[in-house]
Structure formats: C-alpha cells, structure tokens
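Working notes for the structure below.
The values are calculated or read from the model by the stated rules, or taken from the named source; none is laboratory data. Predicted model only: the values in this text are computed from it and were never measured. Note: ideal-geometry Cβ built from the backbone for every residue, glycine included; neighbour counts use all protein chains shown. All accessible areas refer to the heavy atoms of the entire protein, side chains included, with ligands and DNA or RNA removed. Shrake-Rupley method; radii C 1.70, N 1.55, O 1.52, S 1.80 Å.
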Amino acid sequence: MSEQPMYQALLEDSITNNTNRQVDFQQDFLSDMKSVLRTFQLMKDINAINTKRIIKLSKDDINYSKSIASFSFDSEYLALNCSENSIVLRKFSNGESIELTKHDNEVTTLAFGHKKYCLASASDDGKLKFWNDAVKNNHPNQEIEAHESGIKCLAISSKDTYLATGSSDMTAKVWNIKDFTQKIIVEDTSDICAVIFSIDEANIIIGTTEAKIVVWNIEHKKMLYQLNGHENEIKSFSIANNEMGNLLASSSEYEIKIWNLDKIKLQFSFNDYENQFSNVSFCPKGKYLATGSIIKSQITIWNVEDSGIEAIIEDHSESIDMVIFSPDGKYLLGIDYNEMILQTIYCKERKILVSCTKKINSLCLDSTKDILATASEDMTINIKKFSDTDNTESATFKFNRPVKAICFANTFEMKDSLAYGLGDGSVFIKNLSNPPSSNSDKLIKNFGSPIYALAFSWDDTMLAITYNQSNNIIINFIRENTQKELSGHLEVVTCLAFTYDSKFLLSGSNDKSIIMWDISKFNIHIKFKEHTDWVNSLAVSRSGIGASGSSDQKIIIWNLNHFRKEFIFYGHTGKITTVNFTECSKYLASGAFDKTIHIWNIVEKRLEFIVHGHSDNVVSVLFTHDGSKFISGSDDKTVRIWDFNQNVGYKNIIELYHEKTRVDDCLVSLCKRFSVMRKGDSFVPNLFKGKANFDLRNYSPQEWSCLFDDKSILILKSLNTNRIVLINPQTGEITESTTEEYRGKNENYLANFPQLFEPGYQNMFNHRNLIAWLKQNTLSNISVNSLNCAVGLSRFTGVHIAAYKGCHLVLEKLLEKPIVYLQTDNYGFSPLRYSLERQNQQCTDQLLKYINFLSENPQSNIFIASLHSVRKDFCLLLRNSSSQLQDFFSSCLHSYSDQIQSIEPREQLPTLSILSTWTVSIDDFSKAKVIPNKTNSPGQGNTQNSIINNEMNRNKLPVLLKFSRIPIDINSFEILNSLIQNVNEDIYRTEFIQYIIKFNWEKMKYYIFLLSILQLINVILLYLAIVTFSNQNMIINSIVIVITILFWLFEAIQLIADSGSYQKDEWNVLDFFRVLSTLSYFISLYFITDMPEACTWFVMGTNLVRGASAFRFFEGTRYYIRLLVVSIKETTNFLCIFIYSVIAFGILRISVEKLDFSFNQFFVLPFAFTAGVIDADESINPVRGLTVIIAITVNIVVMLNMIISILSDSFDEFQYKADIYNYKEMTMVIYESMCIKKIFASVDANEGYLHICINALDDPVLNWKGKVLDTRDCIEDLSDKVRTQLQRIENNFNAKSKEMQEQMEEIQCLLKKMKET
C-alpha cells in the first residue's frame, strides 16, 4: 500500500502580499502573529533542514576516514583525508574528485595555501608532502622526512612564503616553501599540538600539550612572549584581523579563548566543563568564531565583537570533530564521525547566465525585459533570451575594440535596436533582427575617445552620448542624425538617464555634480552638488524618483517632481558603480566595489538585504520586468541572475527531523495547538503545551490517512474500509464513524515550510538563532542582531515578536547596540503596533525611547527608517500615555535652526503645506525664486545675526523652515479623534502636534466660521420667536425648526462617527439636550398655545449657552470660554457645599420666622441674601440677628473667600495649561466641523509631509536672539573697549612685575656677596 501524504499549512498560505488583500487588520495581523508563534512552539523538537543550502555527505558518499579537511584559497576545492591514507580534492561546482598520491602511514593533518592551489600534508611517521599545484598535478613536488616522530599539525603562512610543522618530538619547524630550507627550529618540553602564522608572516605561534601558547619571531629566531591561561593542552588555533586588531583564537578541551595580539592581552574567555570543544575557526573577516562540540553535537557561532552566542546549529547527530569556514566566507563545514555537513552561509544565485573571458563593462535589458545584452572587455556583445534562463543558446557579436557601453531602445518601433559604444570612440546602432553576419550597423559618429555612457530617450527620438576627454554631452537626434552639445560639467560625464516623459536628461560627472537638463530649451534646469566624489551611476523611476551612486559611497534619492534631494542611503564600503529601480519604484538595487549588491526599500527608506556572491567589483545591476529577479554583472567576468524573493519555489527543499529521525510529513491543526508527525510506519502526536493523552501507534500510515478538520479534530480515515476515527486532541476522547455519517469539513493545505525556515538573503546565523529562541518560547538571551531578522511571509521581525510577547527587557538591548531597524511587516505595521494593541506599556516605552535615542543622529538611515515605519501606528500612539511621547513627537519635526533666510513670503506667516517630499525648500514659500547660496545651504551653518542685520528690504522677513520627518494623513478623522481621546495632555505642548492642529484649523476655518455664525443666528431667531413674536409667528417658528433639524443632523453624524468620544465632550451633551428640547418645544407650539415658563427658560437658556461656543472661533475669546468651563468644573464640589449652606439658612429662617414653605423662602431669598440683598431693621430680635450674623459670616465672608481662592488656583493652573486647553479646544472644534463638512463635501485624504515656514523671530528657540541683536551689538562694542583697557592694564602689570623681578635678583646678589664677605 502506498503511503498517503498529509498536507496541512504550518502557516496560512493566503498571506502573500498585504496590499492585494482586504483583511480585518484588528484580528488578522494579531491572529497571524499568534499562529506563527504557536507553530514554532509545536516544532520545538523538530529540526528543519534546507536541502538547497545544507549539503549532507555521508562517509559512504566520499569515503573519508578522519575528520581532516581544508578549503582551497578560492573555496572551489575541499581537501579530505580518505581511506587508505589517501587525500582527495573534491570540487563543489560539479562534485568532481581528484585523488593525490597516498601517504605510507596515517595522514594526521593537511592544509591548502592562501594564494594558490599549493597543498601540504603530513603523516604520523614524520613525513611531509607538498604540492605546488595539487589541482594540476597529483604527485607531490616535495616529500621529506620533516620530524623524527609523527607530525601533529601544520600551517601555511598568508602569502604562501613559509610552512610550519609541529610534532610529538617536541619541536616545531618553519620551512621556506621556495626551497624547503629550514628557517627556524623551536624546541619545547612537550609535544607541539597546534601551529599558526601571524597575518604578516613575521611570527610563528605554537601551542603545546602543557597548555602554553608561545609566540616566536621568525626572522630573529627568538621568543617574543608567552600567553598563559589554558588548563589543558592546546588543540587548535585560528587567526583573523578585524576592527579590534589582530586576534588569535585558541581552544583546549573545555576552553576557548580569544587573544588580542596587538595589545598582548586576553580579549574573551569561555569554559564549559560539561562539554568538549573540537576546534576553533574564524570567518574571513573575523566577525564570527565557530566552535565544534564533541558532547553536545552542535556548532556554536560566536559574535567576536559582542563576545556572545550568535547562533547554535544542531544539524549533526554525532560528535563534531571539526568545523571550518571557507576562505571566501560563503560556507561553513562541520564534520562528525558519520557525515560532513556543508552549510551555505549566503544565498546563492539562481544561475550564472554569462561567463566572459574578460571583465564586464555594461548590461542592459530591452523594453520588454526579455532580452539581456552583455558588453565586455573581450570585444563582444552577448545577447541572451532572458525569458528562458535555462536556455544556453545565445548570440554573440564580435568587434575589433572593447565594447564600453550598450543601451536598448524603448519603443515598439525600435524594440530590436541596440546602441553600443566602442573603445575607439565609435557609436553604432545595431538592429538585432538582422543576421549576426550582416554588416548593417548604423554609425552615429566616431568621437575618437572611449565611450563612457549611452542613453535613449524614452520616445527614442534622441540618443545621449558621453565619451572620455570631453566634459560635454552629445545629443544625437536619431531621425535627422544630427547632434547638439550640452555644456555645463567641469569634468568628464560618466552617466546618463532620461526621465520617463523625455523632457529632462540627468547627467553625472567626475566634477561631483548632477545636472538636470531641460531638453526642450537645451539648458540647465537645476544643478545638484550634494555628492563629495565622482558620480558614477544614475537611475530614474516611473514615479519621478531619481537615484545617484557615487565614489563617496553614498546613494542619494532625488525627488524629480520637486527638484530636490529626498534622503541618503549609507551602507556600501566601496565606490558605488550602479543603481537601478524596479518597475514599481519600490526597490532600488545598487552595486559597488565592495563586491556586494544592496537592495533598498524606497518606500520604507531602509536597506532590505545585502547579496554576497561575486568575487570582484559589481559593475551593473538590473531588475526584471516583474521585479521577481535581478541580474548582476561583475569584474569577476560573470553575469548572474538572482531570485528577489527566496521563498518562491522552495516547496520541496525542507526536510524535517525529530529526535534525529527523518519526519516524512507534519500535519498541523488550524488552531496551531496540535500536530501529528509521520515518521516511517507510525504517527506521532505533538501538542502546543503538555503531552498528548492519546496513542496513535495502532494506526499505521499504510492503512490510515490522517488530517485535521476545520474544528481541529483529528480525523483518521481507513484506506481499506469506510471507517473513520475522530480524536479530540485536547481531551483525548475517541469516537468512531463512517464516511457516510461524517459531515465535518476537511481543511487540507500544502505545507510551505520556507516561510518560516528560509532566511533568504538575511544573515543565516542570526535567522537560525531567532528560530531557536522562538522554539524555546523565550527571547531572554537572544542577540540584538537576531532581532533584526524576519520570519514567515508576514515578515515578523524579532522586535515585532518581542513587542507582542511583552519582552521589554529584550527591547532594552536595542539601546545598548543601536543597529536594529524598526521595520514594518507585510501588514504595514511597526513593532509599536503590537505593543500598543497588546497593551504592553513597558515595550511601548522602550521602543519610543529607542527612536528618541536614534534621533540624536537624525541623518542616520536607522533613525529615518525606524521613524518612518511607525506612520501607520501614529493614531494609536496619540492615544497612548507613554512618558516618551513628548520627545517622540519632538523628533518628528525637524527645524533648520542654522539656516535663516530673508524672503518676501507668498502668504501670511506662519504658512503650512503638505507635500509628497519631506525635503523643505525656501522656494515653496517665497514669491521670488531664491538663488542658491553655498553659505546658506542646509547644514552649512549661516549665522542668524548676519542675515537679519543685513536685511534692508522692508518687504522681506527672516524666516525659518521646518518639516515633519514622518508622513501622515493630516486631514484624518482618526488623528483628530485620537488627539481628543489622548490621556497625555502634554503632547499638546509639542510643536508637531500644534502644527497639525493649526494646519487643520486653516483648512477648516471657513466651515468653523460659518458654524459659529449659524449658532449666533439660531440665538437671534429664538429671541425673535419667543420674545418678540411670543411664539405666534409660525414662519419664524418654522425657520427655527429647520435650523434645529439641521443641528440635529450635525449631532447625529458626530454620534455615528464616534459615539465614545461624543459622550465625553460637554458641548455635545449640551447640544443633545438643546436640540431635543428646542425641537420638542417648537413642534408643541402647533398644539399648545401657552408654553410653561420653565420650558421656555430651559430652551432659551440652553441655546444661549451653546451660542457662547461661537466665540471659540476667535483665538482671544476661545481662551475665556475654556476658562469659564474649567472654572465651573473646578468649583463643582464647592458649589454643592455652598448650595447646602444656602438651603440650610433658608430652612433656619423659615423655622425661626414661622414662614410658609415655598421655593422663594426656601432658596431664592437666602441666595439673594448671600449676594448682598439684606433686609434688616431695628426691631430684629436676637435670634434673627444671630442668624443674619452667621449667614453673613459663612456665606459671604468664608464662602466667597473660599471661591476666590479656588478660582485663583484654577486660574494659575489654567495659565500653566493654556496651550493645552487652547489646542485641545481647537481640535474639538475642527473635528465637529469636519463631521458637518461631510454632509456637503467629501474630506479628501491628504497624506504627506508637513512643511512649515514661520517668522524666525516668532520661533520659541530663536525668539530672544532676534529681538536683542541691537543690545548684543552694544555689548560687543563695550566688550571691545573693556578688552582693550584690560590688555593695557595687563601689559603695565607685566612690565612692573618684570621690573620688580630684576630688582629682587639684584638684592639677592647683594645678600650673597655680603654672606661671602
């Protein structure tokens, strides 16, 4: 019976791209996170192996006999000790093996050279073999008896100058490889177990069985120093150079140590007496150190800089005998007794498309992006049909000069046209539809010097050309075959790019500038001078974004719609040679002389990932049409194609292991609480928590199929009968049924493991570390680097997970090592969203604190990207009460405080606007264009004093520019509603929030004004209806009813928009009762002619009070309206006591004077008495007099003084919170007006960056500086006079001191003579 596979998703496959799905975010992203975490918990005992990135070779496959191996210098070959004392070289690319001449005895050690394929091997009989080129010749060039006893270790120096051997005869020898003469012999008192050369070849380092590490100078043949600290014999060495200096790693049985050889001190030490270390191995750049575990069967990767564990790799089933990094850093090899496991550290290319004999100069794709053209120094152009990457057929055109530049035409009419420029200065246009043998290429012109760059306009009417020894650009009009020159650069033009409308041409030059040319006028439109070195590459996107790469290692993103710099990407460590956008403009690829490709996310303003693979400078990078792949060309003579998304097409490359046994399938319930593994002939249950209380051993996979239904009930179906077994995994309850009776819904999905376990282009060690900690359900000891990794298709980073789980102590590590980008997941949410939704306040505080810390370096990519990531969480942040919010909102607004300019503003200041670019320009606010001046460019630092003092034109004002660093929808109802509901009122003090409110106020002020006028008109009409016409004029009454219905509609809209905040606003409560009572009152007039006074009073009173809200439109009266409301609130408790005292004296008066009980006697007259209306005569009796005295004392003297004191305190507090009350009142008015505006017009979204221009003298920081300039000038003049006078006094004092000193010396000489006589 064939086995039936089980298919069930570990994670919902429907989550692919959030932008293409309509989801309930509140539930979807949180449930998705919960699903991912539960999946990892279910797989805590399961190890996933990616067969594409991890290659397992058993002892039977390669027949190795001992765990001895060495990589060749280029990582192409691996030398192994195989059976019968043989040495085999295995080539990685094709699995080819080369067997070398055997030793007579057991091989004990071997090593490749560092510059060529030289190889040394030694055996336990003391013999040494050496091959000058082991790949070409399998017979050794040298074979000598090096030692009297067995050789235990050997090493070759970094330049292949020396060879060192260590033996059990207690000697170490250094041999000159050129002639194999002995350079130095070191004798010791114990066996030599390890040898290694210093990086500069000057010293030999020796490790002994007596736990000594001794450093000898080779040239002078003397011991320099000894390193002590190990307890047992030295087993291995590894050496590297990084930013910390020259480092030596050493291992003994239970210890590993890292020594700083420059400072001759111990850098790091670790011991584990429950484990044994096999050896140590540095990666090439010294960033990581790998150690093998003999007892725990695992490889540990250490971060050298942090001295902490970066990752633990548990792919081996036996003790680790050896672990080594390849010289190029691409591989990590682990060897145990039964197998060798080779791990690919970096993601490999999909395929090498083209291999040339010389370096590649240029790449280009045609307009359909189906054809790839490659230009090379080998004087060829290779044309390859790109749509079929597995097709090896291609056309090659040969020339008599190197091809320097190529460029495809863009339109359908010229789709087969390819322009190319040669090293002799010739420029041709080739029609690819013609046979390769035809000589029909159209010559444009021979410029007599190598061509630098070519670019077709997007309408193919022009071809732009630049060449060596010329600073000009040649524009060739293709149809007319005529040329024009563009002059403006001071040095050679190196790169060109047309905008998509063909109206502008961008050019970059060695003069460090970029010029944007207006093609219609053939003049300079604008010149950018932001780069500090040669501009090497330009790219333009369809959305109007440009990018430039330079030798200054910076990529500048330009907003070509607004003609200004947008932001800068930093990251490359070599000069940048190429930049290219995806069709959607979201991503940018860059290549550089650091041999890497960087992929940047333009939307998120951050580095997406780094691609390693080329062994030489990257000269060109292109994206395919759909952006799913990218192509790169390099000086290593190869063109490679890479998958952009490494999760695509990886369905069948993940192997699962449980307790070292292969898992055939893994079935997971939809709730992610239960799983079932199929291992061979049995099913094994697994629970999210606890142990399974049911047994599946009686159900064989050969007889039963297994799946979960939509309610996570485990269903076992017999393959031979109609029998069905239902198992509740939570309770263990088992019931039986048949296929006819069962009506449950089966949920079967194809498993997609790479979502969770494929790191893609992320750091493999960091990614594996994150997964390991997620399986253990703890992030307590995770490395900071691992927090930057993402898992699953939803792209949850370690920071997202920590925020969701409430691990605030983990987030504290971000401040210790601020290298982590806060990223958005595929839902567009930052980690802050998860801490806010889960109400993990400490995590929210830590994340905000981290952003505030990053803001100290506002130009850094980490800060820009991290702040940008929270844009969709902004509204939720407004409702939070974090103490970090004020600093956060302050960091959201940037001010050019060192750049004050004088302009004639277009509008009255302050002026606020919303633009798609975050870079603010003075031209956006000035009536006349401001001529750029180096002295007042952003960041150059022009003093405020000189600008303001030199201002002679009365129409000009000194202005200060500010802009928001985060894009938000300024007109959003949600932002205003969040501001109203915010419990941390101090955010109203921040400039950013104030400007958001001011901007909305300016946009809504006419609606607010009309609403205020409508309120006053309503009061006037009420007065006319009730007082003037005594409710008898039905026309006026009807008008009042219409206006009241309109007000009712306004209130209904606000109530529907947000019922929660509606009830919290006292004006809304008043409006509710006002509208209800007024409408009822005037409708009743149609049936009742004489309305009760109380009803009339209530209706008129509520409308008069609400009418006062019209004064909120005016800044001066708004202040007092809020003060009145606050005063009433503050005196509420006092008024309760006061009213009680009034009533008490009323009752006392009624009782004494035996008056009739009435409202007037009970409350009105006592209240009037309190107000000063006192009716007393001479006949008043003592009891009445005592009542009057007490009433005056309590209600007038005590109570009035109390209320004065309370109102005084309230006023003081109000003064302190004046800004808060003012802007909060404005926010509520704006929100109310927006709700009303929705009836008559739509409120459009207006997402962008807030740009602000204010009078420099009104800025809170510069305010005082601007108004005391004259005083400062006077003080400076006075200071000069004082300094001059002080200098004169000091000179006189020095002269007198010198004179006195001379006199003292004369007196001392006289005294000396007197003593002698």
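Side notes on the structure shown:
- Top positive-direction residue, dipole computed over the chain with Cβ charges, set L1250, I144, P450: P450
- Largest-first ellipsoid semi-axes for region 472-594, taking √(5λ) over the Cα gyration tensor eigenvalues, angstrom: 23, 16, 13
- Its DSSP H runs of at least 4 residues, each contributing -39,500 (n - 2.57), put the calculated 222 nm mean residue ellipticity of the chain at -8500 deg cm²/dmol, to the nearest 500.
- Percentage, to the nearest whole number, of Cα pairs in region 883-927 over 18 Å apart: 43
- In a simple Cβ point-charge model (Lys, Arg +1; Asp, Glu -1; nothing else charged), region 267-417 has a dipole of about 1080 debye relative to its Cα centre.
- Near the amide H of I68, within less than 5 Å, lie the amide hydrogens of N81, all on another chain or at least 5 residues away, with H placed in the peptide plane.
- Given charges at beta-carbon only (K, R positive; D, E negative), |dipole| of the chain in Debye: 2080
- Couplings 3J(HN,Hα) for region 721-727, derived from phi with the Karplus relation 6.51 cos²θ - 1.76 cosθ + 1.60 (θ = phi - 60°), are 10, 8, 6, 10, 10, 10, 10 Hz, where x marks Gly and Pro.
- Karplus 3J(HN,Hα) series, Hz, for region 189-205 with 6.51 cos²θ - 1.76 cosθ + 1.60 (x for Gly, Pro): 9, 8, 5, 8, 9, 8, 9, 7, 9, 5, 5, 8, 6, 7, 10, 10, 10
- Lys/Arg +1, Asp/Glu -1 at C-beta; the chain dipole; positive extreme among W773, G207, Q469: Q469
- Helix runs (DSSP H) in the chain reaching 18 Å along axis by Cα, Kyte-Doolittle at least -0.5: 25-42, 841-854, 991-1023, 1034-1057, 1066-1084, 1093-1107, 1115-1130, 1132-1153, 1199-1216, 1218-1240
- Sulfur and carbon atoms: percent of accessible area, the chain [1.4 Å]: 51
- Amide proton proximity set for D665, modelled H, under 5 Å, gap of 5+: R678
- Entry note: region 391-466 has Rg to Rh equal to 0.96, where both radii use alpha-carbon atoms and Rh is the Kirkwood radius.
- A straight Cα-to-Cα reach below 16 Å connects K415 with the lysines K369, K384, K385, K430, K442, residues fewer than 8 places away in its own chain not being considered.
- Over all pairs of different C-alpha atoms, region 811-885 has a mean inverse distance whose reciprocal, the Kirkwood radius, equals 12.3 Å.
- On full extension, the segment bounded by E84 and N446 gains 123.7 nm, given 0.36 nm per residue less the C-alpha separation.
- In this Cβ point-charge picture (+1 for Lys and Arg, -1 for Asp and Glu), region 151-263 has a dipole of about 240 debye about its Cα centre.
- Calculated on the Cα set of region 159-246, radius of gyration then Dmax: 12.7, 38 Å.
- Length released on extending from N471 to N1291, taking residue separation times 0.36 nm less the Cα-Cα span: 289.2 nm
- Evaluated over region 97-146, the Cα radius of gyration and Dmax, each in Å: 10.2, 28
- Computed from the C-alpha gyration tensor, the three semi-axes of the ellipsoid equivalent to region 1008-1158 are 32, 25, 15 Å, from longest to shortest.
- Which of F504, L538, I555, positive extreme of dipole for region 500-609 (C-beta unit charges): F504
- For region 315-377, the alpha carbon convex hull comes to 137 Å³ per residue, rounded to a whole number.
- Using the Cβ-Cβ distance between K102 and D179 with R0 set to 22 Å, the FRET efficiency from 1/(1 + (r/R0)^6) comes to roughly 0.30.
- D_trans [Stokes-Einstein, Kirkwood Rh over alpha-carbon pairs] for region 194-296, 25 °C, 0.890 mPa s, µm² s⁻¹: 179
- K711/N781 FRET efficiency (R0 30 Å; Cβ-Cβ; nearest 0.05): 0.20
- When each of the peptides 1140-1147, 1129-1136 is scored by the mean number of other C-beta atoms lying within 10 Å of its residues, the order from highest to lowest reads 1140-1147, 1129-1136.
- The H on the amide N of Y77, modeled in the peptide plane, is under 5 Å from the matching H of S72, each at least 5 residues off or on a different chain.
- Length released on extending from Y1086 to R350, taking residue separation times 0.36 nm less the Cα-Cα span: 256.5 nm
- For region 517-557, the spread of Cα positions along each principal axis, largest first, Å: 33, 22, 13
- P(r) histogram, all alpha-carbon pairs of the chain included - 20 Å bins from 0, percent: 8, 25, 30, 22, 11, 4, 1, 0
- Solvent-accessible surface of region 195-335, taken per residue with a 1.4 Å probe and all protein chains present: 39 Å².
- At the listed q of 0.24 Å⁻¹, the Debye profile of region 252-359, built from one uniform point per Cα, gives log10 I(q)/I(0) equal to -1.39.
- Projected-area mean, region 68-139, by convex hull of Cα positions, square nanometres: 4.2
- Convex hull of Cα atoms in region 863-902, direction-averaged projection (nm²): 4.1
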